Structure formats: C-alpha cells, structure tokens
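Undergrad: Sharing a structure below in structure tokens format, with a few things to ask.
The values are calculated or read from the model by the stated rules, or taken from the named source; none is laboratory data. Predicted model, so just to flag it, every value in this text is computed and none were measured. Cβ coordinates were reconstructed from backbone atoms using ideal geometry, including for glycine residues, and neighbour counts include every protein chain displayed. Heads up: the accessible areas ignore ligands, DNA and RNA and are worked out on the full protein's heavy atoms, side chains in. Shrake-Rupley method; radii C 1.70, N 1.55, O 1.52, S 1.80 Å.
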Amino acid sequence: MNIVDTFSKSIMNGETEYKYEYRITKSNIMLYDYGVNSEVQSYGIEIERQDIINGKTINLERDSVYNISPQRYKVQELTKLLYDNDVSPINSIEILGEYVDEYISDFDDVLKGISIG
C-alpha cells in the first residue's frame with residue numbers, strides 16, 4: 001500500500017488541538033473472474049486524528065477502508081467530503097459505508113474492460 005495524497009488540518013477546541021490527516025491510499029488487489037486472476041489498482045482512505053495538549057499527543061485514533069474503488073477521482077471526492085466535514089476516524093465508516101457499497105461495482109467494470117481488451 002502506498003499513500004498517494006494527504007489532506008491535513010488542525011482544529012483548536014479550548015486547549016486541545018485536533019490534528020486530522022486524510023490519506024488516499026493505493027494498492028493492487030487480485031480479482032478472480034471466470035477462472036482468470038487479474039491484478040487491479042485500487043484506492044482507499046485512511047483517516048487519523050491526534051488529540052494534542054501542550055504539544056503532547058494524548059490520544060490517537062485511526063481507521064481505514066482500503067479497496068474502495070479503482071477510480072481515483074471517486075476516492076478523492078470522498079476524501080474531500082470527509083475533510084470538509086471534519087469527520088473523525090470514529091465516525092468514518094458510518095459516512096463511507098454507503099459509498100463503498102455503491103463503488104464496489106467499479107471493480108466489475110474494470111474486469112469487463114480487461115476481458116474485452
């Protein structure tokens with residue numbers, strides 16, 4: 001897995017700084033279709049939040065969803081949605097779940113293109 005892009009921001013709440021990082025990841029997965037294994041490029045999202053007081057990290061939360069779609073632009077749009085709404089790793093699955101379910105068909109489209117090509 002490689003990190004291909006990172007969106008970062010910090011939000012102050014009293015004396016606590018919440019430092020967010022939203023990362024777009026890239027990896028390859030093997031898909032099996034009608035007796036043929038095909039390696040397909042895949043993008044996902046990793047989210048991290050550090051809670052910092054007086055320069056010391058007091059809490060760290062991280063969650064990720066890999067293999068969301070082979071379409072990078074779709075994963076970039078999802079990452080921007082999370083970034084714009086300050087979504088925490090704790091709540092990310094609730095937000096991403098419906099999109100992940102919808103985007104799974106993108107892998108089928110890629111396999112169709114491989115078998116046609």
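Undergrad: For Ser8 and Ile104, what does the FRET efficiency come to when R0 = 22 Å and r is the distance between their Cβ atoms, rounded to the nearest 0.05? The partial results should precede the final answer.
TA: Values: r = 29 Å, r/R0 = 1.30.
The computed FRET efficiency comes out at 0.15.
Undergrad: Along the range 48-58, what does the Karplus equation 6.51 cos²θ - 1.76 cosθ + 1.60 (θ = phi - 60°) give for ³J(HN,Hα), rounded to whole Hz, x for Gly and Pro?
TA: With the stated coefficients, the range 48-58 comes to 9, 10, 10, 9, 10, 10, 6, x, 10, 6, 9 Hz.
Undergrad: Just tell me which lysines come within less than 20 Å, Cα to Cα, of Lys80; anything on the same chain fewer than 8 places away is out.
TA: Cα-Cα hits under 20 Å: Lys9, Lys19, Lys26.
Undergrad: Counting heavy atoms of the protein chains only and a 1.4 Å probe, report the per residue accessible area for the chain as a whole number of Å².
TA: Values: 7060 Å² over 117 residues.
Roughly 60 Å² per residue, with all protein chains present.
Undergrad: Within the accessible area of the range 1-53, what % is carbon and sulfur when the probe is 1.4 Å and the other protein chains stay in place?
TA: Details: 1240 of 2940 Å².
In the range 1-53, the share of accessible area belonging to carbon and sulfur is 42 percent.
Undergrad: Could you order the peptides 91-97, 77-83, 32-38, 46-52 from most to least packed, using the average number of other C-beta atoms within 10 Å per residue? Provide the component values of the computation, followed by the final result.
TA: On the way: 91-97: 15.4, 77-83: 17.3, 32-38: 9.4, 46-52: 19.0.
Packing order, densest peptide first, comes out as 46-52, 77-83, 91-97, 32-38.
Undergrad: Now a separate question. Taking amide H positions as placed in the peptide plane 1.01 Å from N, state which residues far from Val4 in sequence (5 or more) or on other chains have amide H under 5 Å from it.
TA: Correct list: Ile24, Thr25, Lys26.
Undergrad: Take the Cβ-Cβ distance between Ser64 and Asp33 as r, set R0 to 22 Å, and report the resulting FRET efficiency rounded to the nearest 0.05.
TA: Numbers: r = 26 Å, r/R0 = 1.16.
Between Ser64 and Asp33 the formula returns 0.30.
Undergrad: Still on this model: Going 7 Å from the Cα of Ile53 in the Cα-to-Cβ direction, what parts of the range 4-39 have a backbone nitrogen less than 17 Å from that spot?
TA: Counting only backbone N, you get 11-19.
Undergrad: Which ³J(HN,Hα) values in Hz, rounded to whole numbers, follow from the phi angles of the range 30-37 under the Karplus curve 6.51 cos²θ - 1.76 cosθ + 1.60, where θ = phi - 60° and Gly and Pro get x?
TA: With the stated coefficients, the range 30-37 comes to 9, 10, 10, 9, 6, x, 10, 8 Hz.
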